[in-house]
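Structure first, then comments.
The values are calculated or read from the model by the stated rules, or taken from the named source; none is laboratory data. Since we're looking at a predicted model, the values are computed, not measured. Cβ atoms come from the backbone with ideal geometry, glycine included; neighbour counts cover every protein chain shown. Quick note on the areas: whole protein, heavy atoms, side chains included, nothing else; ligands and nucleic acids left out. Shrake-Rupley method; radii C 1.70, N 1.55, O 1.52, S 1.80 Å.
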Amino acid sequence: MDIIFGRNKKEQLEPVKAEVTGKIPPWLQGTLLRNGPGMHTVGESRYNHWFDGLALLHSFSIRDGEVYYRSRYLRSDTYNANIEANRIVVSEFGTMAYPDPCKNIFSKAFSYLSHTIPDFTDNCLINIMRCGDYFYATTETNYIRKINPSTLETLEKVDYRKYVAINIATSHPHYDTAGNVLNMGTSIVDKGKTKYVIFKIPAPVPEAKRKGTSPLKHTEVFCSIPSRSLLSPSYYHSFGVTENYIVFLEQPFRLDILKMATAYMRGVSWASCITFHREDKTYIHIIDQRTRKPVPTKFYTDALVVFHHVNAYEDDGCILFDVIAYDDSSLYQLFYLANLNQDFEENCKLTSVPTLRRFAVPLHVDKDAEVGSNLIKATSTTATALKEKDGQVYCQPELLYEGLELPRINYARNGKQYRYIFAAEVQWSPIPTKILKYDILTKSSLKWGEEGCWPAEPLFVPTPGAKDEDDGVILSAIVSTEPQKLPFLLILDAKSFTELARASVAVEMHLDLHGLFIPNVDWDTRNQAPSEAQRDEAADGLAAPQA
């Protein structure tokens, strides 16, 4: 597995034409833009964790049956500082960096003191977010980096804290049909309180577009939820939305703020300051988007760890929401680079298999209902919500499927009733070996896989004017460990899951994390930015990422 995880990847600054086999649908025109870690050693220093690697953006531009590939490292402040020093000097989540040993004692002391309130990295390696006409590389700190989606060049650095009081934020925002962005982050000990802040970035008005004003300037706090613990807030990676509600899981996978403040001095990483408390509950917060307030009923379930929400919707008096859940926090441990070596199969056996679970939460709790009664009336699920003596409601999920991660849907169905999930199959290890389509209605699945091929997150792109939920294609960047097989962009028919085409490129492609597809734009394969009209068209027609 060293070929995938251990080697630094070379960037491909100029577009290279891919060799296409099969036939790309003529309507598929646009750019698949992806993000993920690509550099894990700087000089003689090495990151401890795969998620710490320096962000490498890459794109597949599709035009008239042809595909052009390019990649570029995000020129973050973190990247620039590391390259200039020829070693890792900026700390990441799983890797704590220390000052040059040649520095004098006063410089070292100041460095230790400054790290008690750390300024987090701007190595934005997780996802791509659109915001009006602009595109940003994102991570889970308070920083995002604006990028040029055509050339992949790095533009300005943006600090969320200038617009909303948060220290960390998710990389999985939601988008509505008007172009508003909904996201959430954690405000740590701000004015004596720690809270989860849901914030909204409104779609830019025409005047702001003409002036080039960033919509981030109009960011507003939509709602806030007090953390159950001042110094131990929950870690979360995503959240869910329906047409009228927001779903947030406060899980017992918690950050220890005091430990994080002293991590640098103790010589440990920030990752070691997150602990899963198996004996605790997972609290389900439901926020009414119309009142911007949490519903008063207290819902909870057993201890679990969720990275990705799939979708949520309202049905027959309740909210149904689907998540990929784990029984413990072992997943993160498996991605330490020490495990991703020649003993990969032995080191990376999952102790908790990711499971697709459906929860049901009643929107109205009958005060006269008997204690122990099931408050869910919907017949579409076996999930239950049991009333307890103290008025709390215990939610037990329906188990739908075992062994999948990186879920995507037809985003037109986000927040609405839906049928299909497109995901990566994950079985004995955390690394996907196949792509699958899961039918929630029939509980059946279709799969694509090939020997020596390691697929990235599958992304659904709808056929223009499509009526069926699965009328479209699946795009996935495939990394190969077979010497005779080049990496390629895979294009599947989303209905039948049969291969339509692949675009192979003679480059060092990295295994990415998340991204988006920008349709209907005639991207220039040369080093040029799109026109303002093209950017408008891209923002209007974007196949947006989901949680």
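Put simply, the range 404-464 fits an ellipsoid with semi-axes of 22, 13, 10 Å; these come from the alpha carbon gyration tensor as the roots of five times its eigenvalues, largest first.
Backbone phi angles across the range 129-137, fed through the Karplus curve with coefficients 6.51, -1.76 and 1.60 (θ = phi - 60°), yield HN-Hα couplings of 10, 9, 8, x, 8, 10, 10, 10, 7 Hz in residue order; Gly and Pro are listed as x. Net charge of the neighbourhood of residue 166, taken over other residues with C-beta under 14 Å away and scored Lys/Arg +1, Asp/Glu -1, is +2. Calculated accessible area for the chain comes out at 41 Å² per residue, all protein chains present (probe 1.4 Å; ligands, DNA, RNA ignored). Here the translational diffusion coefficient of the range 299-431 follows from Stokes-Einstein with Rh set to the Kirkwood radius across Cα pairs; for 10 °C and 1.306 mPa s it amounts to 97 µm²/s. Here the range 381-422 is described by how far its Cα atoms reach on the three principal axes: 40, 24, 17 Å, from widest to narrowest. The residue list 78, 337, 149 was ranked by how far each Cα lies along the charge dipole of the chain toward its positive end, using unit charges on Cβ atoms, and 78 comes out on top.
The HN-Hα couplings worked out from phi for the range 371-384 by the Karplus form 6.51 cos²θ - 1.76 cosθ + 1.60 (θ = phi - 60°) are 4, x, 7, 7, 8, 8, 9, 4, 8, 7, 8, 9, 4, 10 Hz, whole numbers, x standing for Gly and Pro. Listed values for the range 159-172 are Karplus-derived 3J(HN,Hα) couplings in whole Hz (6.51 cos²θ - 1.76 cosθ + 1.60, θ = phi - 60°), namely 9, 3, 5, 6, 10, 7, 7, 9, 9, 9, 8, 7, 9, 10, and x replaces Gly and Pro.
Listed peptides 25-37, 266-278 appear in the order 25-37, 266-278 once ranked by packing, highest mean of other Cβ atoms within 10 Å at the front. Taking mean projected area of the Cα convex hull in nm² as calculated from this structure, the corresponding entry among [x] 39.7; [y] 25.2; [z] 33.3 is [y].
Look at the alpha carbon pairs under 8 Å that are at least 6 residues apart: their mean separation over the length of the chain gives a relative contact order of 15 percent.
Split the accessible area of the chain by element, probe 1.4 Å, and carbon with sulfur accounts for 50%. Measuring between their Cα centroids, the range 351-405 and the range 469-498 lie 36 Å from each other. Dipole magnitude for the chain: about 1240 debye, using +1 per Lys or Arg Cβ and -1 per Asp or Glu Cβ, origin at the Cα centre. Computed from Cα atoms alone, the Kirkwood hydrodynamic radius reported for the range 221-348 is 16.5 Å. Working ranking of peptides 124-130, 366-372, 431-437 by packing, defined as the average number of other Cβ atoms within 10 Å per residue, highest first, is 124-130, 431-437, 366-372. From its DSSP helices (H runs of at least four residues, each -39,500 (n - 2.57)), the chain gives a residue-normalised ellipticity at 222 nm of -2500 deg cm²/dmol. For the pair residue 288 and residue 416 in one chain, pulling the backbone fully straight at 0.36 nm per residue adds 44.5 nm over the alpha carbon distance.
The residue among 48, 511, 410 whose Cα reaches farthest toward the positive pole of the charge dipole of the chain, with charges on the beta-carbon of Lys, Arg, Asp and Glu, is 48. Put simply, the amide H of residue 97, placed in the peptide plane, has neighbours under 5 Å in 91, 92, leaving out anything fewer than 5 places away on its chain. Can you tally the net charge around residue 506? Count Lys and Arg as +1, Asp and Glu as -1, for every other residue whose Cβ sits under 12 Å from the Cβ of residue 506. So the surrounding residues net to +1. Scanning residues 5 or more positions from residue 404 or on other chains, those with amide H under 5 Å from its amide H are 356, 426, with H placed 1.01 Å from N in the peptide plane.
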